[in-house]
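Novice: Here it is, the structure in full.
Since every read-out is calculated from the coordinates, none of them should be taken as a lab result. Quick caveat: nothing in here was measured; it's all calculated off a predicted structure. Backbone-built Cβ (ideal geometry, glycine too); neighbour counts: all protein chains shown.
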Amino acid sequence: MNRQTGFTLLELVIAMAIFALLGLASWGLFDGVVRAQKGTTAHEREFRHLQRAVAMIERDLLQVTEAPVVLQQTGLQLQRGHWRNPLDQPRSERQTLTYRLENGVLWRESQGEGTPIMQRQKLLDDVRDLSWRLFDRQTGWRSEWSTGRDAKAPLAVELQVSVGRFEAIRRVLLLPGALP
């Protein structure tokens, strides 16, 4: 008698079903990893933009001069010194800076002392809320500020921003008068 060994049709169908289930599970796992990576990349990009904007504000505040600081509902205006001059142009080292929120965009406007040209730089997109406060030893935190000739300069600036997927990020930045 001729006895042939091999797989039956039922065994082949069961094996194909098992491999199909393993393939679907692997695809689902791979798809989840790709989605998580895309979400992480987007989160990292938004966080990098926020870090860059706060670092630029902090750098400007470390160079603030004795000139008046004006804090209003719509923005913060100050004057900074030590404006870089890599081309060695004949100009002042002082610069007037204004941080302004317009239509969900935080703008940095700078104008050199004695120059008519104002430069606008977009710092952050998708800003839902932005608030500034200044700190003084006598009065504490204030949301409105205008330093005159007799008033003392503030010691710190508080920035609170809600942008993108970040809610109420708060950063307190010391001004040069508060540093030891």
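Novice: Just to be sure I understand: with springs between alpha-carbon atoms less than 10 Å apart, which residue in F19, F30, F166 has the highest mean-square fluctuation in the Gaussian network model of the chain?
Specialist: Fluctuation is largest for F19.
Novice: So what is the calculated 222 nm ellipticity per residue for the chain, using -39500 (n - 2.57) for each DSSP H run with n of 4 or more, over all residues, to the nearest 500 deg cm²/dmol?
Specialist: Here the helix-only value at 222 nm equals -11500 deg cm²/dmol.
Novice: From the list (1) 1.84; (2) 0.94; (3) 1.16, can you say which value of Cα Rg over 2.2 N^0.38 Å was derived from the structure given?
Specialist: (1)
Novice: Among H49, H43, which comes first, then next, by fewest other beta-carbon atoms within 10 Å?
Specialist: With the fewest neighbours first, H49, H43 line up as H43, H49.
Novice: Oh, and also: Specify the residue with the greatest mean-square fluctuation among A156, A25, A67, computed from a Gaussian network of the chain linking alpha-carbon atoms under 10 Å apart.
Specialist: Taking springs between Cα atoms under 10 Å, the residue moving most is A25.
Novice: Evaluate the distance, in nm, between pseudo-label points positioned 7 Å from the Cα of T5 and of F47 along their respective Cα→Cβ axes.
Specialist: About 5.8 nm, to one decimal.
Novice: While we're here: Rounded, prolate or oblate: pick one for the range 94-138, where a ≥ b ≥ c are the square roots of the eigenvalues of its C-alpha gyration tensor, a/c under 1.5 means rounded, and failing that, prolate if a/b is larger than b/c, else oblate.
Specialist: Taking the square roots of the gyration eigenvalues as a ≥ b ≥ c, the range 94-138 is oblate.
Novice: Here's something else I'd like to know. In the Gaussian network model of the chain, springs joining C-alpha atoms below 10 Å, which of V161, V54, V13 carries the largest mean-square fluctuation?
Specialist: So, out of V161, V54, V13, the one fluctuating most is V13.
Novice: Expressed as an acute angle from 0 to 90° and rounded to the nearest 10, what is the orientation of the C-alpha long axis of helix 9-62 relative to the principal long axis of the chain?
Specialist: Result, in degrees: 10.
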